[in-house]
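The values are calculated or read from the model by the stated rules, or taken from the named source; none is laboratory data. The shown structure was predicted, so the numbers you read here are calculated from the model rather than taken from an experiment. Cβ sites come from the backbone with ideal geometry, for glycine too, and all protein chains shown count toward neighbours.
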Amino acid sequence: MTLSRRAVVAGLGALATGRPVGPPVPAPPAPPAPPRGVTPERLAEDESYWGAVARRFDVEEEFLNLENGYYGVMPEPVRLAYHRNVDRLNRQNSYLLRTSYRAEADEVRRRVAEVLGAAPEEIALTRGGTEALQYLITGYNRLRPGDTVTYADLDYHSAQYAMNWLQERRGVRVRRVTIPEPATRQAVLDTYDQALRTDPAPRLLLLSHMNNRTGLVTPVRDIVAMARARNTDVIVDAAHSFGHLDFTVDDLDADFGVFSLHKWIGAPLGSGFLHIRRHRLPDIDVAYADETFPRDDIRSRVHSGTMDVAPILTTGAALDFHTTLGAANKQARLRHLRDLWVTRAHAIGGIEILTPDDPAMYGAITAFRLTGRTTKADNTAVTDHLLTHHQIFTVQRGGLTGGDCVRVTPALFTSRTDMDRLATALRDVTRRIPPLRRTR
């Protein structure tokens, strides 16, 4: 085929501007709408429906990924939207940031607030849950020398570091509590009740809605009520629960919270937000005396500088995917996948499931350890064996008072067959790495 000079020049011009050459790429299929009249619990067992959802993800086939707690794989509609936004940001350069970006970010705030059940004026976008936690913890200004701040062994390590920083910079005492194993709802409530009844009561409590070590879901609303009665403020870490469990901010009833968008909502890496109830805004300092926004604007509590805004611009596509599936349906499916392997694991001698079987206290994330195998080396050996011999990717987690563990986290693209494969592999693990008898 012979191309005219005009066609060649046009093609080079398209490349120079970043516009695609050739026919437009067809848009990926939208997520399948859930069938009407089917409960989330029934839909959770429909492998045909969730297989159609799984086909909206492009995942590695060389191994089975059961380490989806770190961050989420973007579904294809979101991934392609992200690439378009990266190209747009690069092509338009500062013009985008100085013209339409702020209005587009405000629309993202509005949509995030709608899903959370909050007011947009109570939302500030961040680069993730960790950044949000750091701004809330270090910016909390009601602390005085000698006050006490409290966190649990299962709380996120970066949040623990920020709480420890308060001792150095604010002269407060730091208290660490231990969540009992095995955890029950009452045991968790009793642990926090005892921590709040100390004299003096803590001024600030860090509380994970769903922690990143075992996936334990705490009864946040009840603990917040206990804390409020003792004049203790609570910062809720909901990075792992938002988009994973079906709840709104009113269900938590907390004044301060942090959330991730790149975990279970499926937005690109580098997206999250913090929430502060309007009447509590004065209790969090303006970030570094920032003057970009007025002091009564929550966005003055975050200053990220010039950042990659493509993840924020793509959040709308991720929220579209999330809302089409429905939070209740996602929650039921993720719990169902967890139940498939845990039920079989309970029947294997020597495996301790560290996450409760009470449905109100778990989602997809669940941790286990082999009896007596509590060191980092023990649990890394388990994850290495699963990957080397069964091509199953999991992760070792530390920081638990009772010892290290292995974390398993399926995702929306995980199948029943995948869970059966894990359960079979665990039986092999107990033969190759025998559990140890506990000494009395």
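Tell me the residue from ASP233, ASP253 that is farther than 20 Å from GLY128 by Cα, in the same structural domain as ALA159 (by TED's automatic domain parsing) and touching a residue at least 40 places away in the same chain (Cβ under 8 Å), please.
From the options ASP233, ASP253, the qualifying one is ASP233.
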>> Being over 28 Å from ALA124 (Cα atoms), in contact (Cβ under 8 Å) with a residue 40 or more places away in the chain and either surrounded by fewer than 17 Cβ atoms within 10 Å (Cβ to Cβ) or touching a helix residue (DSSP H, G or I) at 6+ places or on another chain (Cβ under 7 Å) (or both): is that true of ILE351 here?
In response: yes
> Within segment 189-202, which residues are touching a residue at least 24 places away in the same chain (Cβ under 8 Å) and either under 19 Å from GLY403 (Cβ atoms) or in a helix (DSSP H, G or I) (or both)?
Replying inline: LEU189, THR191, TYR192, ASP193, ALA195, LEU196
>> So in segment 163-191, with the set limited to residues that are touching a Leu at 6+ places or on another chain (Cβ under 9 Å) and within 24 Å of MET361 (Cα to Cα), which one is modelled with the lowest pLDDT?
In response: PRO182
>> With the requirement that a residue be touching a helix residue (DSSP H, G or I) at 6+ places or on another chain (Cβ under 6 Å) and among the hydroxyl-bearing types (Ser, Thr, Tyr), what does segment 268-302 give you?
In response: SER271
>> Going residue by residue through segment 321-342, is there one that turns out to be modelled with pLDDT under 95 and surrounded by fewer than 20 Cβ atoms within 10 Å (Cβ to Cβ)?
In response: no
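Give segment 185-195 a look and list any residue that's under 12 Å from ALA227 (Cα atoms) and crowded, with 18+ Cβ neighbours inside 10 Å, or say none.
TYR192, ALA195
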> Could you list, in sequence order, the residues of segment 409-431 that are in contact with a helix residue (DSSP H, G or I) (Cβ under 7 Å, 6 or more places away or on another chain) and either aliphatic (A, V, I, L, M) or at pLDDT below 95 (or both)?
Replying inline: LEU412, MET419, LEU422, ALA423, ALA425, LEU426, VAL429
> How many of the residues making up segment 79-95 are free of Cβ contacts under 8 Å to residues at least 24 places away in the same chain, within 28 Å of PRO31 (Cβ to Cβ) and over 24 Å from the mean Cα position of the chain (by Cα)?
Replying inline: 1
>> I'd like to check something: does segment 258-277 contain any residue that is without any contact (Cβ under 8 Å) to a residue 60 or more places away in the chain and not assigned by TED's automatic domain parsing to the domain that holds THR355?
In response: no
>> Looking only at segment 203-254, count every residue that is part of a loop (DSSP other than H, G, I, E, B) and not polar (S, T, N, Q) and tell me the total.
In response: 16
